[in-house]
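Structure first, then comments.
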Amino acid sequence: MQNIFLETMQSIAVRIQDAIDVKDMGYSQHENSSGDTQLQLDIQCDFIVEEELSKIPSIHTIASEEKEHAMLLNKDGKYFIAYDPLDGSSLVDVNLSVGSIFGIYEGGWGAQHMIASCYIIYGPRVEMIFAQNKVKLFLLQNNLFEFVKEIRLKEKGNINAPGGTQQNWLPYHKEMVDSFFAEGYRLRYSGGMVPDLHQILLKGGGLFSYPPTADRPEGKLRKLFEVYPFAFIFKVAGGEISDGTNKDMMNLPHDHIHGTSPCFFGSKYEMKRMKEIYKKNA
Ligand code: AFP
């Protein structure tokens, strides 16, 4: 299955990297389904991904973070692909790393249907993480993704990446975040989900949190395009995930393609504390 997507991911990575390098960064007049003003670059990247995924006959439907509705490609296909063509695009003008995220679902939308996920990170190097039964790191070399190594999380890391506006955090969330700093954890947060989680994965562990906040009780990050793909990767890499409740995140019923959820991803040690604190305060 990875082979079906590898070539397509290569083409997407090369074309998006080129678009980031040369394209005009002006704002378009449009707003996307999440209410963000769309950058010209977002629209360009969305078009690139749509065009490349359209070449795969086994894809049934695609849904983009940039488009309100899903799009049927082949009624006999079995894969449903949700993608964020350029996550963290507001970071491009300050030249920080950004990424493309893909959730690969079979037979329908929703976490239970997820069978693989993948992201591409555009940084000093272009890399890809592909997760199915293992989490694999690839490096783009001469327009081809070369396998580098398998990624496994350690039991415990030393990175703390807390998302959202502190002013709107719940008091127990702040206590949890502070407890890790008090233990020597270091703050690593760029505001791009892809580089922030890539760092935790590659350095072996830590905690990324985007909690329910006073202004966004359902979180900010989108389930199909951002939350489930990373949840899948962290599970396969030996980490833990949560939406802040006792429910199994990968069994939540599907609601809306643009639905959001609070999310927590990390290695086992940090996630154990997170779950205990959230359970106590539920
Ligand atoms: P943009 O695509 O608007 O730059 O947002 C990026 C993002 O969706 C995700 O990549 C980050 O983890 C998250 O937002 C950061 O949000 P906060 O700035 O509220 O922490």
| message | With equal scatterers on the alpha carbons only and no solvent term, can you work out the Debye log10 of I(q)/I(0) for region 127-238 at 0.24 1/Å? | response | -1.41
| query | What do the square roots of 5 times the Cα gyration tensor eigenvalues come to for region 78-191, in whole Å, largest first, as semi-axes of the equivalent ellipsoid? | reply | 28, 19, 17
| Among 278, 189, 167 - extreme Cα towards positive end, dipole of the chain, charges at beta-carbon | 278
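Go ahead and estimate [θ] at 222 nm for the chain from helices alone: -39,500 (n - 2.57) per DSSP H run with n ≥ 4, summed, over the residue count, rounded to 500.
Numbers: 6 runs with 81 residues, N = 282.
Calculated mean residue ellipticity at 222 nm is -9000 deg cm²/dmol.
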| Can you list the aspartates and glutamates whose alpha carbon is less than 17 Å from that of residue 149, not counting same-chain residues fewer than 8 positions off? | 127
| said: Need one number: nm distance between label points at residue 142 and residue 74, each 7 Å from Cα along Cα→Cβ, rounded to one decimal. | reply: 3.0
| task | Give a residue-ordered list of calculated ³J(HN,Hα) values for region 160-168 (Karplus: 6.51 cos²θ - 1.76 cosθ + 1.60, θ = phi - 60°; whole Hz; x for Gly, Pro). | result | 10, 10, x, x, x, 8, 3, 3, 9
| query | Can you tell me the accessible area per residue over region 185-282, all protein chains present, probe 1.4 angstrom, in square angstrom? | reply | 40
| Interchain or long-range residues, amide H under 5 Å from residue 116's placed H | 104
| field | Within a Gaussian network of the chain (alpha carbon springs, distance under 10 Å), most fluctuating of 254, 60, 198 | value | 254
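Residue separation times 0.36 nm, minus the C-alpha to C-alpha distance between residue 17 and residue 133: what's the value? Numbers along the way, then the final one.
Working: separation 116, 0.36 × 116 = 41.76 nm, distance 2.78 nm.
Gain in length upon complete extension: 39.0 nm.
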| task | Please compute the Cα-Cα pair-distance distribution of region 41-113 with 5 Å bins starting at 0, giving whole percents from short to long. | result | 4, 17, 26, 22, 15, 9, 5, 2, 0
| said: How big is the dipole moment of region 164-282 about its Cα centre under a simple scheme where the beta carbon of each Lys and Arg is +1, that of each Asp and Glu is -1, and everything else is neutral? Debye, nearest 20, please. | reply: 180
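Show me the trypsin sites (Lys or Arg not before Pro) within region 220-282 that DSSP assigns to loop and that have at most 14 other Cβ atoms within 10 Å of their Cβ.
Passing both the DSSP loop test and the Cβ count: 247.
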| task | In square nanometres and to one decimal, what's the mean projected area of the convex hull around the Cα atoms of region 209-258? | result | 3.7
| field | Inter-centroid distance (Cα atoms) of region 117-138 relative to region 224-282, Å | value | 20
| said: Give me the percent of accessible area attributable to carbon and sulfur for region 48-122, probe 1.4 angstrom. | reply: 49
| message | Between helix 268-281 and the chain, what is the angle of the helix's C-alpha long axis to the longest principal axis, kept within 0 to 90° and rounded to the nearest 10? | response | 70
| query | Using θ = phi - 60° and the Karplus form 6.51 cos²θ - 1.76 cosθ + 1.60, what ³J(HN,Hα) does each residue of region 50-56 get, whole Hz, x for Gly and Pro? | reply | 4, 5, 6, 5, 5, 7, 9
| query | So what are the ³J(HN,Hα) numbers for region 108-122, from phi and the Karplus equation (6.51, -1.76, 1.60; θ = phi - 60°), rounded to whole Hz, Gly and Pro as x? | reply | x, 8, x, 4, 5, 8, 6, 10, 6, 8, 7, 9, 10, 10, 9
| query | Quick one: if you stick a label point 7 Å off each Cα along the C-beta vector at residue 216 and residue 183, how many nm between them? | reply | 2.6
| Considering only Cα-Cα distances, which of the following residue pairs are longer than 22 Å: 154/235; 136/268; 136/220; 55/78? | 136/220
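With +1 on each Lys and Arg Cβ and -1 on each Asp and Glu Cβ, how big is the dipole of the chain about its Cα centre, in debye rounded to the nearest 20?
1280
Find, among the GluC sites (Glu not before Pro) in region 60-141, those assigned to loop by DSSP (not H, G, I, E, B) with at most 12 other beta-carbon atoms within 10 angstrom. Could the numbers behind the result be given before it?
Numbers: sites: 65, 66, 68, 106, 127; in loops: 65, 66, 68.
Passing both the DSSP loop test and the Cβ count: 68.
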| How many angstrom lie between the C-alpha centres of region 161-195 and region 58-72? | 33
| said: Cut-off 20 Å, label point 7 angstrom out along Cα-to-Cβ of residue 58: give me the residues of region 116-132 whose amide nitrogen falls inside. | reply: 116-120, 129-132
| query | To the nearest 10 degrees, how steep is helix 2-22 against the longest Cα principal axis of the chain, on a 0 to 90 scale? | reply | 90
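Report the equivalent ellipsoid semi-axes for the chain in whole Å, largest first, defined as the square roots of five times the eigenvalues of the gyration tensor built from alpha carbon atoms.
Details: eigenvalues 162, 79, 78 Å².
The three semi-axes for the chain are 28, 20, 20 Å.
The values are calculated or read from the model by the stated rules, or taken from the named source; none is laboratory data. Everything quoted here is computed from the prediction, not taken from an experiment. Please note: Cβ atoms are built from the backbone with ideal geometry, for glycine as well, and neighbour counts cover all protein chains shown. Note: areas computed on protein heavy atoms with side chains; ligands, DNA, RNA excluded. Shrake-Rupley method; radii C 1.70, N 1.55, O 1.52, S 1.80 Å.
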